1. Please verify whether R176 is over 22 Å from A38 (Cβ atoms), among the basic types (K, R), assigned to a helix (DSSP H, G or I) and touching a strand residue (DSSP E or B) at 6+ places or on another chain (Cβ under 8 Å), treating the condition exactly as stated.
2. Give the residue that is surrounded by the most Cβ atoms within 10 Å (Cβ to Cβ), with candidates limited to residues of region 84-120 that are assigned to a loop (DSSP other than H, G, I, E, B) and polar (S, T, N, Q).
3. Hey, could you check region 179-195 for residues that are assigned to a helix (DSSP H, G or I) and not hydrophobic (A, V, I, L, M, F, W, C) and say which is surrounded by the most Cβ atoms within 10 Å (Cβ to Cβ)?
4. Exactly one of these conditions fails for E50: (1) part of a loop (DSSP other than H, G, I, E, B); (2) over 15 Å from the mean Cα position of the chain (by Cα). Give me its number.
5. In a loop (DSSP other than H, G, I, E, B) and either surrounded by fewer than 18 Cβ atoms within 10 Å (Cβ to Cβ) or touching a residue at least 24 places away in the same chain (Cβ under 8 Å) (or both) - does that describe any residue in region 69-79?
6. Mind listing whichever residues of region 121-161 are part of a strand (DSSP E or B) and either more than 20 Å from Q194 (Cα to Cα) or polar (S, T, N, Q) (or both)?
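No value in this document is a laboratory result; all are computed from the given coordinates. On a predicted model such as this, the values are computed, not experimentally measured, just so you know. We place every Cβ from the backbone using ideal geometry, glycine too, and count neighbours over all the protein chains shown.
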Amino acid sequence: MSTAVASEAAARPLNVVVFVGSLRKGSYNAAIARALPALAPEGLTFTILEGLGDLPHYDADLQAQGFPPKVLELAQAVSAADAVAFVTPEYNYSIPGFLKNAIDWLSRVSPAPFAGKPALIQSASMGVLGGVRAQYHLRQILVFLDAIPLNKPEVIIGAVHSKIDAAGELTDQPTRDFIATQLTNFAAFIRRLQP
């Protein structure tokens, strides 16, 4: 790759689609997802995927009748993105059911939308462990999806309720700084993986 081509590739904006693992109106994880653009390095943009909770439960019989339009819309968004991000709480030592359902639907679409995609994981909970077990389960799922997760640094936010204000803004500066570091690493990771 010539220097000019490499420089142009490095300057090209990168779009990341974001799966938020909470449907709650006042979701802490949604608040973190909304904070990402302000914490990201220049050229890294985010699109939060909407409607994940509206998908029917995955059923092979439904798939045989044709994929729901929303599934195909989400698959197209993932395919067109440079990378994916998951910002999720932990439910019962794992990821929330509706998030797993969305992943199950998308995993059936061909060509596989997640294959080869750089993936970012963040989790937050009111507990001290910050959703770490959800992250481990999600990493197992990403193996099957053939996505490529950023391994370090890991963003695992415990006691998240003390870091987000009443207006739903992430105000804790050390957390903001650490997320910014992760996003800088992620931007470099995406560019390394691009052809």
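1. Spelling it out, it is not the case that R176 is over 22 Å from A38 (Cβ atoms), among the basic types (K, R), assigned to a helix (DSSP H, G or I) and touching a strand residue (DSSP E or B) at 6+ places or on another chain (Cβ under 8 Å).
2. Here the residue is N92.
3. Among those residues, the one meeting the criterion is Q182.
4. Among (1) part of a loop (DSSP other than H, G, I, E, B); (2) over 15 Å from the mean Cα position of the chain (by Cα), the lone unmet condition for E50 is (2).
5. No.
6. The answer is Q122, S123, A124, V155, I156, I157.
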